[in-house]
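To keep things clear, I will list the structure first and then write my remarks on it.
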Amino acid sequence: MAMLTIKDLNVYYGVIQAIKGISFEVNEGEVIALIGANGAGKTTILHTITGLISPKSGSIDFEGNDLIKIPAHKIVSLGMAHVPEGRRIFAELTVLENLKMGAYTRSDKKEIDNTLEMIYKRFPRLKERKNQIAGTLSGGEQQMLAMGRALMSHPRIILMDEPSMGLSPLFVSEIFDIIREISESGTTVLLVEQNAKKALSIADRAYVLETGNIVLSGDAKELMNDDSVKKAYLGE
Amino acid sequence: MGSVLEQLINGLGTGSIYALIALGYTMVYGIAKMINFAHGDIIMVGAYVLYVTVVQFKLPVIAAVAITITFCAVLGITIEKIAYKPLRKAPSLAVLITAIGMSFLLQSLALLIFNANPIAFKSIINVKTVKIGDIAVSGVTLVTLLVTLICMIALSLFISKTKAGSAMRAVSEDKAAAQLMGINVNKTISMTFAIGSALAAVAGILFVCQYQSIKPTLGALPGIKAFVAAVLGGIGSVPGAMIGGVLLGVIESISKAYISSELTDAIVFGVLVLVLLVKPSGLLGKNRIEKV
Ligand SMILES: Nc1ncnc2c1ncn2[C@@H]1O[C@H](COP(=O)(O)OP(=O)(O)O)[C@@H](O)[C@H]1O
Ligand SMILES: [Mg+2]
């Protein structure tokens, strides 16, 4: 039984159908990449999984919980964190306050402090700037904060929406290194990316999305060598 | 010189009441992005509840005050739940009209229950006038200043230091991201209405102790003045509402005493226009262009 199973999902914005009956699954410990062009429906899928949008039909099962029936604010405590597109950090809160918001549903202060130390170790820059107003961080630092904030909930699965968007190449490499570390520490990763090359290089399996449909799926290494993928997404 | 100071202190007194009310406008705007035009009428409801508990039920002052504040907080939560929550995704004009309707509803209910004749109310604040040199400050003004100061400090600490306060700030910035953190947005909005209405109840109590008369339209004028104060300070900004309210009270009192009591309101609005011309977002408002 997969950790996360999406079946026959249909999502609409008004009369426009953004997701057209897709199904996929994520097994525990995997890094799954969801790749596709701008507007393919990647963000819509993640928003539907974490309850920010309601689907018209379909099912989303996370470790036996039917996520469609669960309100958005109750999903993080099930062990699922979501790093949204465009980071969406709380710009007027300090770095530390943002991180603490990530642990909002946790109550054991000692364990929260342990997680915080671990995050500071992984993102030393956040520690240096913990009392800084988050809106004053650079784009790369804000992405790190968004990831750190999600990790503060101590999730078993983390959903990331285009973490490399708008970052300099140096930061992009750093972000992907961190994603690999997160995976190696035992957290399952569902990664949405337009940067298909980087995403496929760290993923176990991948799904290729086109206008609301999954058009290809399989082993990430094999997809990297697939001619149509190369042409459409890897610019080769 | 003494009388200038006296006017200044009186201005601080009325300004404190404006500030307490303005906090409700600004906090609700910050979190629900709406102007709650029924907010002023909570002051009126508070005044009547105080009257009923103190004069009719003859309850001790402490109990009456506690009941008044609780009643208004619950009323605030209820108004949000039945009137505003169903309109969260509606155009802002629909919300505005609903809020104005809610204001009329509260006034009509008061009219129905207590009729239009003003009720005389004896102040529950029994503090003597204090004289320092040739400056006389009434006991009501002193208590008003003290109570307001305590409320502001408590509110500031709550917003900046507590988990619920941080959650409130997070929700006012980004509701979706706040939900991803596990924050219950509905609960947070309810809490904001409760706090805003409780502060309005405190303002109502202080207001009737000052003016000693209660009628169904009592909340309208301080309500609109406090709204001006909130805009002056920068709507959405908590310190802005505090400063805006106090400033408004002082300008009012000084211009009443030294310029003309007929022109006072014109001067107050003149200052508002001037500030908004120089800084459209208000004194402490964020420089964000907002379409309304
Ligand atoms: N809030 C919205 N209202 C209407 N249409 C939307 C909204 N968000 C996204 N869409 C549409 O849904 C489709 C999928 O968008 P999205 O999930 O954001 O794609 P991606 O993340 O892959 O770029 C696009 O055609 C987009 O225009
Ligand atoms: Mg997207």
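For segment A:91-96, 3J(HN,Hα) computed residue by residue from phi via the Karplus equation (6.51, -1.76, 1.60; θ = phi - 60°) reads 5, 8, 8, 6, 4, 5 Hz, glycine and proline entered as x. In segment A:60-79, the residues that give up 20 Å² or more of accessible area when the other protein chains are added, compared with the chain on its own (1.4 Å probe), are A:72, A:73, A:76.
Taking A:183, A:153, A:168 as the candidate residues, the one with maximal mean-square fluctuation in a Gaussian network model of chain A, Cα springs under 10 Å, is A:168. Between B:94, B:198, B:47, the Gaussian network model of chain B with springs among Cα atoms under 10 angstrom shows the greatest mean-square fluctuation at B:94.
The fraction of accessible area contributed by carbon and sulfur in chain A is 49 percent, rounded to a whole number (1.4 Å probe; ligands and nucleic acids excluded). Look at the dipole of the protein assembly as shown built from charges on Cβ: of B:69, A:105, B:179, the Cα furthest out on the positive end belongs to B:69.
Seen against the Cα atoms of chain A and their longest principal axis, helix A:169-184 is set at about 90 degrees.
For segment B:253-267, 3J(HN,Hα) computed residue by residue from phi via the Karplus equation (6.51, -1.76, 1.60; θ = phi - 60°) reads 5, 5, 6, 5, 7, 10, 10, 5, 6, 6, 7, 3, 5, 4, 5 Hz, glycine and proline entered as x.
Share of segment B:135-218's accessible area from carbon and sulfur, percent, 1.4 Å?
Working: 2000 of 2890 Å².
Taking all protein chains in place, segment B:135-218 shows 69 percent carbon and sulfur surface.
Near residue A:94, the amide H atoms lying under 5 Å from its own belong to A:134; only residues 5 or more places off or on other chains count, and H is placed 1.01 Å from N.
How much accessible area is lost when chains A and B come together, counting both sides, with a 1.4 Å probe, in Å² rounded to the nearest 100?
On the way: alone 11160 and 14390 Å², together 23680 Å².
That pair of chains buries around 1900 Å² in total.
Per residue, the accessible area of chain A comes to 43 Å², computed with a 1.4 Å probe over protein heavy atoms only.
Using a simple charge model, +1 on the beta-carbon of Lys and Arg, -1 on the beta-carbon of Asp and Glu, nothing else, what dipole does chain B show about its Cα centre, in debye to the nearest 20?
On the way: 21 positive and 10 negative charges, 158 e Å.
My answer is approximately 760 debye.
Mind checking the dipole of segment A:86-154: about its Cα centre, +1 per Lys or Arg Cβ, -1 per Asp or Glu Cβ, Debye to the nearest 20? Numbers along the way, then the final one.
Details: 13 positive and 8 negative charges, 23 e Å.
Roughly 100 debye for segment A:86-154.
When the Gaussian network model of chain B links Cα atoms closer than 10 Å, the mean-square fluctuations of B:216, B:239, B:118 top out at B:118. Pairs exceeding a 27 Å alpha-carbon distance, out of A:7/A:42; B:85/B:163; A:198/B:163; A:109/B:187; A:198/B:89: A:198/B:163; A:198/B:89. Projecting the Cα atoms of A:64, B:148, B:129 onto the charge dipole of the protein assembly as shown, computed from C-beta unit charges around the Cα centre, puts B:129 farthest toward the positive end.
Summed over the residues of chain B and divided among them, the accessible surface reaches 46 Å² per residue at a probe radius of 1.4 Å. Database remark: amide H of residue A:50 closer than 5 angstrom to no amide H (H placed geometrically; neighbours at sequence offset of 5 or more, or on other chains; Pro and chain starts carry no H).
Compute the longest continuous run of chain B that contains no exposed GluC sites (Glu not before Pro); treat a site as exposed when its DSSP state is not H, G, I, E or B and it has at most 16 other Cβ atoms within 10 Å. The answer is B:1-261. Put simply, the amide H of residue A:164, placed in the peptide plane, has no neighbours under 5 Å, leaving out anything fewer than 5 places away on its chain.
Take the alpha carbon gyration tensor of segment B:71-215, find the square roots of its eigenvalues, order them as a ≥ b ≥ c, and report rounded if a/c is under 1.5; if not, report prolate when a/b exceeds b/c, else oblate. Before the final figure, lay out the partial values.
Details: a/c = 3.27, a/b = 1.41, b/c = 2.33.
Verdict is oblate for segment B:71-215.
Summing +1 for each Lys or Arg and -1 for each Asp or Glu among the other residues whose beta-carbon sits under 15 angstrom from that of residue A:185 gives -2. Taking the longest Cα principal axis of chain A as reference, the axis of helix A:109-122 is set at about 70 degrees. Of the residues in segment A:138-182, those shielded by at least 10 Å² of accessible area once partner protein chains are present, compared with the chain alone at a 1.4 Å probe, are A:149. A 1.4 Å probe, protein heavy atoms only, puts the accessible area of residue A:189 near 0 Å².
Ranked by solvent-accessible area (1.4 Å probe, protein heavy atoms only, all chains present), the residues B:213, A:77 order from largest to smallest as A:77, B:213.
Sparsely packed loop sites in segment B:42-79 (the chymotrypsin sites (Phe, Trp or Tyr not before Pro) outside DSSP H, G, I, E and B with at most 12 other Cβ atoms within 10 Å) comprise B:57. Interface burial in segment B:145-171, defined as at least 30 Å² less accessible area with all protein chains than with the chain alone at a 1.4 Å probe, covers B:163, B:166, B:169, B:170.
The values are calculated or read from the model by the stated rules, or taken from the named source; none is laboratory data. Given the structure is predicted, the values throughout are model-derived calculations rather than measurements. Here the Cβ is made from the backbone with ideal geometry for all residues, glycine too, and neighbour counts use every protein chain on show. In case anyone asks, the SASA skips ligands and DNA or RNA and just uses the protein heavy atoms, side chains included. Shrake-Rupley method; radii C 1.70, N 1.55, O 1.52, S 1.80 Å.
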